[in-house]
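The values are calculated or read from the model by the stated rules, or taken from the named source; none is laboratory data. From a predicted model like this one, the values you see are computed outputs, not experimental measurements. Every residue, glycine among them, receives a Cβ derived from its backbone with ideal geometry; neighbour counts consider all protein chains shown.
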Amino acid sequence: MLESLLAYAELKLGPTWGWATYELLSSLAFIVAILVPLMLSVAYLTLWERKLIAWMQIRIGPNRVGPLGLLQPIADGIKLLFKEVILPANANKALFILAPIAMLIPAIAAWAVIPFAPELVLADINAGLLYILALTSFGVYGVIVAGWASNSKYAFLGAMRSAAQMVSYELAMGFALVVVLMVSGSLNLSDIVAAQGRGRFADMGLGALSWNWLPLLPMLIVYFVSGMAETNRAPFDVVEGESEIVAGHMVEYSGMTFALFFLAEYMNMILIATLTVILFFGGWLPLWDSALNAAIPPILWLLAKIFVVVSMFLWSRATFPRYRYDQIMRLGWKVFIPLTLVWIAVIGAWMQTPWNIWK
Amino acid sequence: MFEALLFYVFGFVILASALCVITARNPVYAALYLVLAFFTSSAIWLLLHAEFLAITLVLVYVGAVMVLFLFVVMMLDINLERLREGFWQYLPLGATVGFLMAAEMAAMLYGRWSGLATPPRALPPGYSNTKELGRLLYTDYVYAFELAAVVLLVAIIAAIALTLRRRKDSRSQDPSQQVKARRADRVRLVSMPSENDR
């Protein structure tokens, strides 16, 4: 059907312009098809977070707006949209408005290279993983600029904390990814998933045991915990630490500008969960080979795994108390980075032996 | 033609933002303009199919170096008037350095103008810029690469050694000791008979 659309466009507009128009429109359609479900899942992730944590604490959670509280995120969204956006008198106006936007753009743009199923990816570029690393590292500017432009002590402290924290954990995260790259031999996310479908256990029909999580278990832990620190989620949320610095970089924001920060945070959370699934849990590959599992479409496997990992983010928020700042730095620099460096050497040596399982 | 158009747009943005870096009165603005300049130059590298270098430029300079720059610049309390005092005094030196840089760039560009003007070769299918770069770095240039790595390592250690100092009055905690603490070490339960009401 897509080919006939292309043929129609080329017939009407000539080969060059017809092809360009077709490419433009199909890319736009794909972007909308990614973004609309993403926005919806961000909205309902807030509800799921409140519900799940409520159940863990033997409460009921939101249950008033709509059946079972299902319209709660919609009500929250409408409320935030109609609130006034207050510009503090001594704030730097241009940067104050720019900061939440600078936070949201990389969070959205990173989704361009995420493969949702075999061949189902917007931009299948070779350096996909590097692209995501570069974009997520850009997200810290939103926080820093917001903290500086607000002209408030609390906001500035939050910005300083976040700059130090995100730069520190990016290192551990990058090293954990280096190990994944070594065993899969590619920076392309689709190839990384495909590489996990091969191996002795996969040949026996037990695909789940040949995914990266088992041989790279320490890296999975480092990556997941660093991901929590990168997204400033509890127990690493000293950046907003409401008991000490009110809400950190967000303290002066209101209405939709405030909502953009939340949107970016939850989008980054889903992104980290998706990357964890793609890099360590075999992406869209089924748990084990069977007729029933093969009948489930690959994208459903991916979404189900993402849901489980995202729920683990919420679970850890409900379980752990907030880290003290020096303890966060100690964990990043003195525990995770040495651990990843040693594991790079171990895997490198392993790959040179006859027992290399990643040929 | 479309690529040429993109090149000119990016080139204009780079020039404008680079100019703003040195003319902006606010050092935070200057740092942010520099981020924009890095971003745009990485876009130009992408036009040349050098995706690995382009993304690494953003990852290293925008993602790490400039964050630390901003971190420092935001905490500085800069008095602009005092910075401008020595303008005429430093002008001859600055002009010499600027002229030298311009002359070097001109020699570079005009010396190889014919080589740069030839269109790049068509890339074979399955060509990966990252793979080619890695192959070159780890085969032909492996000694230079290792040397650079060692120099960087020495620089890191030197930087740490220069700034590391132990203050006598600083206190720190030993987490392994903290974890090892048991209730019996801290609390002594004493059995006491209850007081009778009088």
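For A:Y266, only one of the following conditions fails: (1) within 22 Å of the chain's Cα centre (by Cα); (2) without any contact (Cβ under 8 Å) to a residue 60 or more places away in the chain; (3) buried (at least 16 other Cβ atoms within 10 Å of the Cβ). What is its number?
Condition (2) is where A:Y266 drops out.
Check A:I144, A:I105, A:I132 and return the single one that is within 14 Å of the chain's Cα centre (by Cα), within 12 Å of chain B (Cβ to nearest Cβ) and surrounded by 22 or more Cβ atoms within 10 Å (Cβ to Cβ). Write out each step before concluding.
Working: A:I144 fails: within 14 Å of the chain's Cα centre (by Cα); A:I105 fails: surrounded by 22 or more Cβ atoms within 10 Å (Cβ to Cβ).
Only one candidate qualifies: A:I132.
Does A:I125 satisfy being surrounded by fewer than 24 Cβ atoms within 10 Å (Cβ to Cβ) and not basic (K, R)? Write out each step before concluding.
On the way: surrounded by fewer than 24 Cβ atoms within 10 Å (Cβ to Cβ): yes; not basic (K, R): yes.
Yes.
With respect to B:L6, determine if the residue is more than 9 Å from chain A (Cβ to nearest Cβ), touching a residue at least 60 places away in the same chain (Cβ under 8 Å) and in a helix (DSSP H, G or I). Walk me through it before giving the result.
Numbers: more than 9 Å from chain A (Cβ to nearest Cβ): yes; touching a residue at least 60 places away in the same chain (Cβ under 8 Å): no; in a helix (DSSP H, G or I): yes.
Taking the combined requirement at face value, the residue does not satisfy it.
In segment A:166-187, what count of residues is obtained for those that are more than 10 Å from every other protein chain (Cβ to nearest Cβ) and surrounded by 19 or more Cβ atoms within 10 Å (Cβ to Cβ)?
11
Kindly list the number of the only condition in (1) small (G, A, S); (2) surrounded by 21 or more Cβ atoms within 10 Å (Cβ to Cβ); (3) not in a helix (DSSP H, G or I) that fails for A:G205.
For A:G205, the failing item is (2).
Restricting to segment A:282-308, name every residue that is modelled with pLDDT of 85 or more and either on the phi > 0 side of the Ramachandran plot or buried (at least 24 other Cβ atoms within 10 Å of the Cβ) (or both).
A:L302
If you scan segment A:49-67, which residues turn out to be out of contact with any Gly (no Cβ under 9 Å at 6 or more places or on another chain) and surrounded by fewer than 17 Cβ atoms within 10 Å (Cβ to Cβ)? Walk me through how you get there before you give the answer.
In the first step, residues of segment A:49-67 are kept if they are out of contact with any Gly (no Cβ under 9 Å at 6 or more places or on another chain); the result is A:49, A:56-59, A:64-67.
Correct list: A:M56, A:Q57, A:I58, A:R59, A:R64, A:V65, A:G66, A:P67.
For segment A:36-81, give me the residue count where each residue is among the aromatic types (F, W, Y) and under 18 Å from A:N268 (Cα atoms).
Restricting attention to segment A:36-81, the residues satisfying the condition of being among the aromatic types (F, W, Y) are A:44, A:48, A:55.
The next check asks that each one be under 18 Å from A:N268 (Cα atoms); those that pass are A:44, A:48.
Number satisfying all stated conditions: 2.
Return a yes/no flag: does segment A:68-83 have any residue that is touching a Leu at 6+ places or on another chain (Cβ under 9 Å), modelled with pLDDT under 85 and surrounded by 14 or more Cβ atoms within 10 Å (Cβ to Cβ).
Yes, segment A:68-83 has at least one match.
Restricting attention to segment A:179-195, which residues are among the hydroxyl-bearing types (S, T, Y) and part of a helix (DSSP H, G or I)? Steps first, answer last, please.
Of the residues in segment A:179-195, the ones among the hydroxyl-bearing types (S, T, Y) are A:184, A:186, A:190.
Residues satisfying the conditions are A:S184, A:S190.
Go through (1) more than 27 Å from A:A134 (Cα to Cα); (2) in contact (Cβ under 8 Å) with a residue 12 or more places away in the chain and name the single condition A:R59 misses.
Against the list (1) more than 27 Å from A:A134 (Cα to Cα); (2) in contact (Cβ under 8 Å) with a residue 12 or more places away in the chain, A:R59 comes up short only on (2).
From (1) closer than 21 Å to A:Y266 by Cβ; (2) touching a Gly at 6+ places or on another chain (Cβ under 9 Å), pick out the condition that doesn't hold for A:E84.
The single condition A:E84 does not satisfy is (1).
Taking the stated definitions as given, is A:A112 surrounded by fewer than 17 Cβ atoms within 10 Å (Cβ to Cβ) and under 30 Å from A:A294 (Cβ atoms)? Spell out the reasoning first.
Details: surrounded by fewer than 17 Cβ atoms within 10 Å (Cβ to Cβ): no; under 30 Å from A:A294 (Cβ atoms): yes.
Criteria not met by A:A112.
Considering only segment A:314-339, state which residues are surrounded by 15 or more Cβ atoms within 10 Å (Cβ to Cβ), more than 12 Å from chain B (Cβ to nearest Cβ) and within 20 Å of A:I272 (Cβ to Cβ).
A:L314, A:S316, A:R317, A:R322, A:I328, A:G332, A:F336, A:I337, A:L339
State which residue is farthest from the other protein chains (Cβ to nearest Cβ) when the search covers only segment A:147-156 and only residues that are among the hydrophobic types (A, V, I, L, M, F, W, C) and under 15 Å from A:F258 (Cβ atoms). Before the answer, list the steps.
Going through segment A:147-156, the residues among the hydrophobic types (A, V, I, L, M, F, W, C) turn out to be A:148-149, A:155-156.
Checking the rest, the ones that are also under 15 Å from A:F258 (Cβ atoms) come to A:149, A:155.
On the way: A:A149: 9, A:A155: 11 Å.
For segment A:147-156, the residue satisfying everything is A:A155.
Restricting segment A:118-129 to residues that are under 17 Å from the mean Cα position of the chain (by Cα) and not in a loop (DSSP other than H, G, I, E, B), which is modelled with the lowest pLDDT?
Here the residue is A:G128.
When you scan segment B:17-39, do you find a residue that is at pLDDT below 90, within 14 Å of another protein chain (Cβ to nearest Cβ) and surrounded by fewer than 16 Cβ atoms within 10 Å (Cβ to Cβ), even just one?
For segment B:17-39, residues at pLDDT below 90, within 14 Å of another protein chain (Cβ to nearest Cβ) and surrounded by fewer than 16 Cβ atoms within 10 Å (Cβ to Cβ): present.
Being outside any loop (DSSP other than H, G, I, E, B), in contact (Cβ under 8 Å) with a residue 60 or more places away in the chain and among the hydroxyl-bearing types (S, T, Y) is the requirement here; does A:Y253 meet it?
Working: outside any loop (DSSP other than H, G, I, E, B): no; in contact (Cβ under 8 Å) with a residue 60 or more places away in the chain: yes; among the hydroxyl-bearing types (S, T, Y): yes.
No, not satisfied.
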